Amino acid sequence: MKTLYIIRHAKSSWEFDVSDDKRPLNDRGIRDAGLVGEHLKTLVGSIDKVLCSPAKRAHSTAKIIISYLNVPEAVFSLEPDLYDFEGSQVIDVIKNCEDDINSLMIFGHNHAFTSIANLYGDQHIDNLPTAGVVAIEFEVDSWKNISVGKNLLTIFPKSLR
């Protein structure tokens, strides 16, 4: 069994004149990431690997959320191919994970993450909102063999406020 946690970065700020990859979270984004982390700590078991887009907003979201999950620093890494808005690079990252990883958490961006949640999940969502989470379980032994799996949970921050 493989479990994939797809988490979109929290709400970012447009108030600074910085490149897209340097945009920070805004106050709501910081609060929402904390709410999601708090909620996930009762639902998520151990995480074998956390991969994150190097964009500041994704990295900040990941750090906040995983702080609630007791994820060892050693399983966290930045993955440049997750800075992808279309999705093919994200799929390649997932499918190329080592098979000893049974639970994978990824942090990144739309439209890629909504598309992937709909491609691999058995429940359609219109849009994965900022700080939204979709977890999908696959009955396979290898990431390269994933196809449509079973949605285990969907969390939207709006429902936690």
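Structural remarks
- Among (1) over 25 Å from LEU119 (Cβ atoms); (2) within 13 Å of the chain's Cα centre (by Cα), the one test that VAL71 misses: (2)
- So VAL93, is it buried (at least 17 other Cβ atoms within 10 Å of the Cβ) and among the β-branched types (Val, Ile, Thr): yes
- Selection count, segment 99-147, where residues are part of a loop (DSSP other than H, G, I, E, B) and in contact (Cβ under 8 Å) with a residue 40 or more places away in the chain: 16
- Residues in segment 13-53 that are touching a residue at least 60 places away in the same chain (Cβ under 8 Å), buried (at least 17 other Cβ atoms within 10 Å of the Cβ) and under 19 Å from HIS109 (Cβ atoms): GLY29, ASP32, ALA33, VAL36.
- Considering segment 1-33, and only residues there that are of a type in the set (Lys, Arg) and out of contact with any strand residue (DSSP E or B) (no Cβ under 9 Å at 6 or more places or on another chain), the residue that is nearest to LEU78 (Cα to Cα) turns out to be LYS22.
- Beta carbons closer than 7 Å, at least 6 apart along the sequence or on distinct chains, pair a first residue in segment 68-79 that is within 7 Å of LEU51 (Cα to Cα) with a second that is surrounded by fewer than 17 Cβ atoms within 10 Å (Cβ to Cβ) for LEU78/PRO54.
- Checking ILE7 against (1) buried (at least 23 other Cβ atoms within 10 Å of the Cβ); (2) assigned to a helix (DSSP H, G or I), the condition it does not meet: (2)
- Tally of residues being outside any helix (DSSP H, G or I), of a type in the set (D, E, K, R) and touching a strand residue (DSSP E or B) at 6+ places or on another chain (Cβ under 8 Å) across segment 34-79: 3
- Across segment 122-161, the qualifying residues are those that are polar (S, T, N, Q) and under 13 Å from the mean Cα position of the chain (by Cα), and the one among them that is nearest to THR3 (Cα to Cα) is THR154.
- Some residue of segment 70-83 being among the charged types (D, E, K, R) and either within 18 Å of GLY149 (Cα to Cα) or surrounded by fewer than 15 Cβ atoms within 10 Å (Cβ to Cβ) (or both): yes
The numbers here are math on the coordinates, done by the rules we state, and not lab data. This is a predicted model, so every value here is computed, not measured. FYI the Cβ positions are ideal-geometry reconstructions off the backbone, even for glycines, and counts take in every protein chain you see.
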